[in-house]
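Reviewing the structure listed below.
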Amino acid sequence: MAALTANPSCDRRSLLDAAGIDKDALAAHLGLPRPLRKSQLALDYGLTFEREVTAQAGAPLVPLLRQALSLTPSEVSYEDVNSVGSDDDKSPLRLRRAHTRSRILSAARRKPAPRTLLDHPVLRLTVAGHQAYLEPDVIAFHRDGLFHVVEIKSFPVIHGQPDPIKTNAALTQAAAYVLALRELLADNGLPPERVSDTVILVNPRNFTRHPTATPFSAHKQIKNLSRHLGRLRRLPELLDKLPPGTTFDLAPGPDQRPTRPRGELVAALATVRPYYTPGCRHHCDLAFHCRTEARNQGRTAALGTAVRDDLAGIDIIATALALTDGHLHPSRGQKDITQALRHAQRIHADLQTDTA
Ligand code: SF4
């Protein structure tokens, strides 16, 4: 979801997602380093914070949500969907999903609506025809019949200000849960708008581990994600551009190890247009492949998003240089950018003369 929303212009990623290709296995077979991931320490810290917030049947969480959602003290019941019908720490996803579904639908149909917190529910979202299982931290059901997604995040809110990039990522994640919840209601004849755009983020306050809950509108992220999911449904457009017989099959042998020659896979990837940005390194398993490709092809994208955006319409570094030094005549659409490039070159030359 993060890769899908972070780089929606990438046909390569869209196609691989739509085809349900295991990007991790593909990258491993190509011998690529892993993308930048959170450290184990940060993951452990996040898990501990989440456990603290939902401990004792959600005791620390309830007052926070009561305040954020204006609930009265008697209005909240708590249910953990982590282990359903067994003593295991975690029941199978399908069982948890079935249980979540029945709890949500019965809550949505009852009048007056019960006030419930569902901890570790499991939802299902259709992504390019595939069913993806999603696990929000908590779903809160409001007395006015509204569902709210609650996400517990370990990044701090300092003096009321959370990190904007991390907040946006958390809201994008929550947007997927909102859409999955709306899909569940709509599939069962209930109005999807009963799932609120307002998402509650629970974070540590300042430099402590004391939690604080803040409501955020995820309207923009929900719209973006819906658009990208809609784009995935337009798979035929992407398939039309593919040479016949293109496959990303790893051809596993009897021992399940991939046997597909790497050169063939690289050639198959080259048939689909990428849209590399340095941000890919944070969310896509193929980042190092696409970065090397962008560098080898002299693409402006390899120099960063700012350069690529400033040179919009000029994809290749050599073209930009040729336009700058006059070896290439600019087309009508390239006149403005060529002027800007030549101006930059004059400033650069002046600075060099001054320092000499
Ligand atoms: S790493 Fe490659 S495939 Fe992945 S999103 Fe970036 S350009 Fe697309």
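Observations on the model:
- For segment 270-277, the Karplus equation 6.51 cos²θ - 1.76 cosθ + 1.60, evaluated at θ = phi - 60°, returns couplings of 5, 7, 10, 5, x, 9, 5, 9 Hz by residue, with Gly and Pro reported as x.
- Per-residue Cβ neighbour counts within 10 Å put Tyr177, Tyr45 in the sequence Tyr45, Tyr177, beginning with the fewest.
- Backbone geometry of segment 299-306 corresponds, through the Karplus equation with coefficients 6.51, -1.76 and 1.60 at θ = phi - 60°, to 3J(HN,Hα) couplings of 7, 4, 4, 5, 8, x, 5, 4 Hz, x marking Gly and Pro.
- Angle in degrees between helix 40-58 and the longest Cα principal axis of the chain, rounded to the nearest 10: 20 degrees
- Aspartates and glutamates with Cα under 18 Å of Lys38, excluding same-chain neighbours fewer than 8 positions away: Asp24, Glu50, Glu151, Asp163, Asp285
- Per-residue ellipticity at 222 nm computed for the chain from its helices equals -14500 deg cm²/dmol, with DSSP H segments shorter than 4 residues left out and the rest contributing -39,500 (n - 2.57).
- At R0 = 51 Å, FRET efficiency that the Cβ-Cβ distance of Asp22 and Ile158 yields, to 0.05: 0.85
- Helix 335-355 vs. the chain, principal-axis angle (Cα, 0 to 90°, nearest 10): 70 degrees
- Karplus 3J(HN,Hα) series, Hz, for segment 9-24 with 6.51 cos²θ - 1.76 cosθ + 1.60 (x for Gly, Pro): 7, 8, 5, 4, 5, 4, 5, 4, 5, 5, 7, x, 6, 7, 5, 5
- Each of Ser14, Ser106 was scored by other Cβ atoms within 10 Å of its Cβ. Arranged with the fewest first, they read Ser106, Ser14.
- The tail of the calculated P(r) for segment 38-232 beyond 26 Å holds 29 percent of all Cα-Cα pairs.
- The chain: antiparallel DSSP beta bridges as a percent of all, rounded to 5: 70 percent
- Amide H within-cut-off set for Thr116, under 5 Å, with H built and near neighbours excluded: Ser77, Phe141
- Ranked by how many other Cβ atoms sit within 10 Å of their own Cβ, fewest first, the residues Arg346, Arg273 fall in the order Arg346, Arg273.
- Each part reduced to its alpha carbon centroid, segment 94-110 and segment 330-351 end up 61 Å apart.
- Placing +1 on the Cβ of every Lys and Arg and -1 on the Cβ of every Asp and Glu, with nothing else charged, gives segment 38-232 a dipole about its Cα centre of roughly 560 debye.
- Pairs from Lys23/Lys335; Lys153/Lys241; Lys23/Lys241; Lys220/Lys335; Lys153/Lys223; Lys23/Lys223 whose Cα-Cα separation, in the structure shown, is over 30 Å: Lys23/Lys335; Lys153/Lys241; Lys220/Lys335
Only the coordinates and a few stated rules stand behind these numbers; no lab work does. Since the structure is predicted, the reported quantities are computational estimates derived from the model, not experimental observations. Quick reminder, even Gly has a Cβ in these numbers, built from the backbone with ideal geometry, and neighbours come from all protein chains shown.
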